[in-house]
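Below: one structure, written as structure tokens.
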């Protein structure tokens with residue numbers, strides 16, 4: 001059964017978006033160290049573009065290998081549609097909605113950031129997962145943006 005972990009970012013909406021991208025990179029990097037593949041789900045084109053930039057810059061002496069095409073089998077797949085490809089280890093959800101196929105993953109990271117509408121959607125997701133019996137974890141993430149990414 002998929003283990004679901006909610007990460008609530010603290011701070012203003014603008015700050016939490018930058019920190020969310022940084023946290024995505026940290027989670028993806030840690031998963032990669034354990035040889036786990038990562039699917040990052042986000043339907044917001046501008047946010048996805050910012051995430052790609054952050055993935056290239058996150059590690060100063062390297063980068064986090066990623067692709068927007070599932071067929072390329074990159075360690076990190078940036079998914080913006082309903083085609084999860086052959087990814088099963090970890091899903092990081094940057095979207096306010098969660099796709100129906102999330103249950104195929106061992107781990108699901110739900111990031112809570114942004115405005116009140118997004119927060120309410122994540123509250124509903126938490127209640128939904130709890131009702132279905134998924135193992136849930138919750139943590140608050142302090143806002144300590146060190147990225148130079150312009151947002």
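Within the range 128-151, residues that are assigned to a helix (DSSP H, G or I) have Cβ atoms under 8 Å from residues that are modelled with pLDDT of 80 or more and surrounded by 10 or more Cβ atoms within 10 Å (Cβ to Cβ) in these pairs: 129/4; 129/136; 130/136, counting only partners at least 6 apart in sequence or on another chain. Scanning the range 110-140 for residues that are at pLDDT below 90 and in contact with a helix residue (DSSP H, G or I) (Cβ under 7 Å, 6 or more places away or on another chain) yields 113, 114, 115.
Which one of these is under 23 Å from residue 135 (Cβ atoms) and free of Cβ contacts under 8 Å to residues at least 40 places away in the same chain: 96, 37, 62? Let's see the steps before the verdict.
Numbers: 37 fails: free of Cβ contacts under 8 Å to residues at least 40 places away in the same chain; 62 fails: under 23 Å from residue 135 (Cβ atoms).
Result: 96 is the single residue among 96, 37, 62 that is under 23 Å from residue 135 (Cβ atoms) and free of Cβ contacts under 8 Å to residues at least 40 places away in the same chain.
Conditions (1) part of a loop (DSSP other than H, G, I, E, B); (2) in contact with a helix residue (DSSP H, G or I) (Cβ under 7 Å, 6 or more places away or on another chain); (3) under 23 Å from residue 143 (Cβ atoms); (4) at pLDDT below 95, marked per residue:
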{"site": "39", "(1), (2), (3), (4)": "no, no, no, no"}
{"site": "53", "(1), (2), (3), (4)": "no, no, yes, yes"}
{"site": "83", "(1), (2), (3), (4)": "yes, yes, no, yes"}
{"site": "108", "(1), (2), (3), (4)": "no, yes, yes, no"}
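Being surrounded by fewer than 18 Cβ atoms within 10 Å (Cβ to Cβ) and under 15 Å from the mean Cα position of the chain (by Cα) narrows it down to one of 66, 128, 88, so name that one.
88
The values are calculated or read from the model by the stated rules, or taken from the named source; none is laboratory data. None of these values were measured; they are calculated from a predicted model. Cβ coordinates were reconstructed from backbone atoms using ideal geometry, including for glycine residues, and neighbour counts include every protein chain displayed.
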